[in-house]
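One structure below.
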Amino acid sequence: MEKATSGWVNGFIGVVIFAGSLPATRVAVADLDPVFLTCARAAIAGLLGLALLLLLRQRRPTLSDLPSLALTALGVVVGFPLLTALALKHVTSAHSIVFLGLLPLSTAIFAVIRGGERPRPPFWMFSIIGAGCVAGYAAWGGLEASPTGDLLMLASIIVCGLGYAEGAKLSRKLGGWQVISWALVLSLPIMLPIALLTMPASFAQVGTPAWLGFAYVSLFSMLIGFVFWYRGLAQGGIAAVGQLQLFQPFMGLGLAAALLHENVSWTMLVVTLAAVVCVAGAKRYA
């Protein structure tokens, strides 16, 4: 019981940190190219992760761990950051945040496929209701904003769910912060050169808000948040703790309204609150 409780606490801290990711990305892509932002944030976090691994003398992953690390990197180091950065060129962060309500269902599906978990049928009922609220919102009014942005967000949810489940499964063996650090290091030979190639000729046009957003996604979204998130998923169960992500849209909408002064419509709030209610039922039957 103590381990499960610790998992939920760590998972919640991770969700709080991740809640600022999309607003911070929205600010950053206003002045920075999405491809450069994706690669640069991964490169910075990768160098920090490499330094930690070397300083603390962590053991290297085995060859059998590399496929899981590659899938983790594909999902959370490359796929989700790039797809969301591209999406935020077409939609507001408040609009994109609502799609995060689909992430718990995506994570749960991959927890079954890749993690071997078997939640009870009522769990899926609550998960599908929460996801259905989000999908209904997109079909009702969100798709009118930008079909391109919405499709990019949906694709990002799929690859992120894979990265969460795969990384959490490996965290049981290597540890939470070690997994994200090794995944970042694995992607470093690709991300660092691309970051240098896509780096703007001048940073004179990059404002302070963009730099702050860039710093947040590089340090907190790309590294620190995963220290808590993967530990929580490994301790409390991928499918169960993954439902905490239903709180993320609610937190993110508040940040989008407070920091970016974006319009948060009543429909966004209703959909988000409905999704949050589903976490209680999903937790009970996970």
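The values are calculated or read from the model by the stated rules, or taken from the named source; none is laboratory data. Computed from a predicted structure; not experimentally measured. Here the Cβ positions follow ideal geometry from the backbone for every residue, glycine too, while neighbour counts run over all protein chains shown. Side chains are part of the model used for accessible areas, which takes the heavy atoms of the whole protein and leaves out ligands, DNA and RNA. Shrake-Rupley method; radii C 1.70, N 1.55, O 1.52, S 1.80 Å.
Can you give the accessible area of R172, probe radius 1.4 Å, in Å² rounded to 10?
The value for R172 is about 120 Å².
Given a 1.4 angstrom probe, what's the average accessible area per residue across the range 1-283, in square angstrom?
On the way: 11760 Å² over 283 residues.
Accessible surface, normalised per residue, equals 42 Å².
If packing is taken as the average count of other Cβ atoms within 10 Å, what order do 183-194, 53-64, 21-32 fall into, highest mean first? Walk me through the numbers before you get to the answer.
Numbers: 183-194: 19.8, 53-64: 10.6, 21-32: 24.7.
Averaged packing, sorted descending, gives the order 21-32, 183-194, 53-64.
Carbon and sulfur together cover what percent of the accessible area of the chain at a 1.4 Å probe radius? Spell out each step's value before the answer.
Values: 8630 of 12050 Å².
Carbon plus sulfur share of accessible area: 72 percent.
Count the lysine pairs in the chain whose Cα atoms sit under 28 Å apart, keeping only pairs 8 or more residues apart in sequence or on different chains.
Numbers: K3/K169; K3/K173; K3/K283; K169/K283; K173/K283.
Taking the chain as the scope, the lysine pair count is 5.
Once you charge only the Cβ atoms, +1 for Lys and Arg and -1 for Asp and Glu, what is the size of the charge dipole of the chain about its Cα centre, to the nearest 20 debye?
On the way: 16 positive and 9 negative charges, 203 e Å.
I would put it at about 980 debye.
Please give the calculated 222 nm ellipticity per residue for the chain, where each DSSP H segment of at least 4 residues contributes -39500 (n - 2.57) and the sum is spread over every residue; nearest 500 deg cm²/dmol? Before the final figure, lay out each step's value.
Working: 15 runs with 209 residues, N = 286.
Per the formula, -23500 deg cm²/dmol.
Considering only the other residues whose Cβ falls under 14 Å of the Cβ of A195, what net charge follows from Lys and Arg at +1 and Asp and Glu at -1?
Working: positive: R41; negative: D33.
Net local charge, A195 excluded: 0.
Hey, if you drop one equal point scatterer on each alpha-carbon of the chain and run the Debye formula without solvent, what base-10 log of I(q)/I(0) do you get at q = 0.12, 0.13 Å⁻¹?
Values, matching the q order: -0.69, -0.82.
If packing is taken as the average number of other Cβ atoms within 10 Å across a peptide's residues, how do 152-159, 100-107 rank, most packed first? Kindly include the intermediate steps, with their values, before the conclusion.
Values: 152-159: 21.4, 100-107: 27.5.
Descending packing order for the listed peptides: 100-107, 152-159.
Report W8's accessible area, 1.4 Å probe, all protein chains in place, as a number in Å² to the nearest 10.
Only protein atoms counted, so the area is about 50 Å².
In whole Hz, with x marking every Gly and Pro, tabulate ³J(HN,Hα) for the range 75-83 from phi via Karplus 6.51 cos²θ - 1.76 cosθ + 1.60, θ = phi - 60°.
x, 9, 8, 10, x, 4, x, 5, 5
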